[in-house]
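Right, one structure below, let's go through it.
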Amino acid sequence: MVSEHRNGFGPAVVGVMNRSIHAAKVTNAFTTEASVALAISPYNEFGAEVMRTEHGFLVLISPVTFSMCFLYAILAVTSAQATGLFHQGLVPRGPDGVSLIDPFEWVYASHRALMSMVQEFLRSGGVADPFGKVKEARFDLLPWHYVYRVQATYEQMLDFLALHELGHICLGHMGQMEQVRRAVPCTSISYEVSSPMPAQEEAADKFALNCLVGRGHGEELLALFQLIEGGEAQSSKLDKLWTGNTSLGRYTSALQLLKLFDVFNSGQCSEGAGIEFTKPCELNGTHPSGQHRFIKAWANNHVLELPATHKFNIGSIIQWSNWVNLDAATHAQEKIRAICQQLEML
Ligand SMILES: [Zn+2]
């Protein structure tokens, strides 16, 4: 599942390219006349990048990014649902009404699976037993339509990455970059890429968030909320909300991806791998930290364009994010319970 092989990701790349360029066009943000192509990069590191070519731009996403995002999407969706139910005092129940798990146990297990997966990935560049992580998180406790939710989350995370790079192109960040004239060499990865600048990264994130979430979805969300308020628990219209195919779903996916960067940074900083905070909210003076990017995107929640009568519940994403910070992979369940009590999270 977490693979370095490049063969299987062709269809996924085509999907990401079509959706992200379409999203930028309908938001009137696709301002370049240049040709833009999206492809799979030859690197093994997680991430995406953009380079200038003779006739346009090439956006590259590494193979491991596809597989890692898929596994992370499963664990992020599971842990977010477990956290949400726990804080609402709810629990998954079987057909006979009997609760299927202790809610604290589930929120702990799902976060332990997520954090241990990311930590293993940082340590080794892979995940030895991805199916074991899915099992450990108890993905099986989610209702059936969460399979679609995971798929949507996965695609939206990749779209955000591609849109961030499109942002660098459309916002004119590529102007000073040396033109890259040669094909990507097989034996070296030393061709030039522009050095990232914190303000440009922030602007590219904002561009990506605007395009991904889109405009004019307030009415649709209102209609869905009204169904819930009217006591309608199940309907084909509401399924759109649960499966993540709304502006709220796309916004949540972007935040979950940025939270992954935050976790990456905390792992990298603590391992003393030459990565450190050099200025407030910046790493090595070149990148805004994942934490900063997450908070910025959260603060930009007006992109959801909710009708004035309704407000986005800011609590649920922050509760999930706080649980990620507790690092359930490093601490035993009782220790986490004690910390939660101390922080009045229970
Ligand atoms: Zn960037």
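As a proxy for reagent exposure, ranking R52, R337 by other Cβ atoms within 10 Å from fewest up yields R337, R52. The label point for S124 and the one for E229, both projected 7 Å from the Cα toward the Cβ, are 5.0 nm apart.
Based on Cα atoms of the stretch 292-343, Rg over Rh with Rh as the Kirkwood radius reads 1.13.
The dipole here belongs to the stretch 9-124: it is taken about the Cα centre, uses +1 on the Cβ of Lys and Arg and -1 on the Cβ of Asp and Glu, and is about 140 debye.
Cα gyration tensor of the stretch 23-81, axes a ≥ b ≥ c as square roots of the eigenvalues: rounded (a/c below 1.5), prolate (a/b > b/c) or oblate? Oblate shape, in that a/c is at least 1.5 and b/c is the bigger or equal ratio. Please give me the summed charge of the neighbours of I336: other residues whose Cβ is under 10 Å from its Cβ, Lys and Arg +1, Asp and Glu -1. Value of the local net charge: +1.
Ranked for footprinting exposure by Cβ neighbours inside 10 Å, fewest first, H287, H145, H292, H302 give H302, H145, H287, H292. Volume per residue of the convex hull around the Cα atoms, evaluated for the chain, comes out as 152 Å³. Is any residue of the stretch 322-346 close enough, with backbone N under 14 Å, to a label point placed 7 angstrom from the Cα of D102 along the Cα-Cβ axis, and if so, which? Residues 332-338 qualify, since their backbone N sits under 14 Å from the label point.
Under the membrane-span-like helix rule (DSSP H runs whose alpha carbons stretch at least 27 Å along the helix axis, mean Kyte-Doolittle hydropathy 0.5 or higher), the chain yields 63-87. When F261, F294, F66 are sorted by how many other C-beta atoms sit within 10 angstrom of their C-beta, beginning with the fewest, the order is F261, F66, F294.
Using C-alpha pairs below 8 Å separated by at least 6 residues, the relative contact order for the chain is 20 percent. Other residues whose C-beta falls under 13 angstrom from the C-beta of L71 contribute a net charge of -1, scoring Lys and Arg +1 and Asp and Glu -1.
Can you give the translational diffusion coefficient of the stretch 46-128 in µm²/s, computed by Stokes-Einstein from the Kirkwood radius over Cα pairs at 4 °C and 1.567 mPa s? For the chosen part, D equals 85 µm²/s.
Taking 7 Å steps out from each Cα toward its Cβ at I314 and H55 produces label points 4.8 nm apart. Taken over the Cα atoms of the stretch 115-159, the convex hull encloses 80 Å³ per residue. If one computes the Cα centroid of the stretch 290-330 and of the stretch 88-143, what distance in Å separates the two points? If you average the Cα positions of each part, the centres end up 21 Å apart.
Rule-based calculations on the coordinates, nothing more; no lab input. Just so it is clear, the structure is predicted and the values come from calculations on it, not from any experiment. Virtual Cβ from ideal backbone geometry, glycine too; neighbours counted across all protein chains shown.
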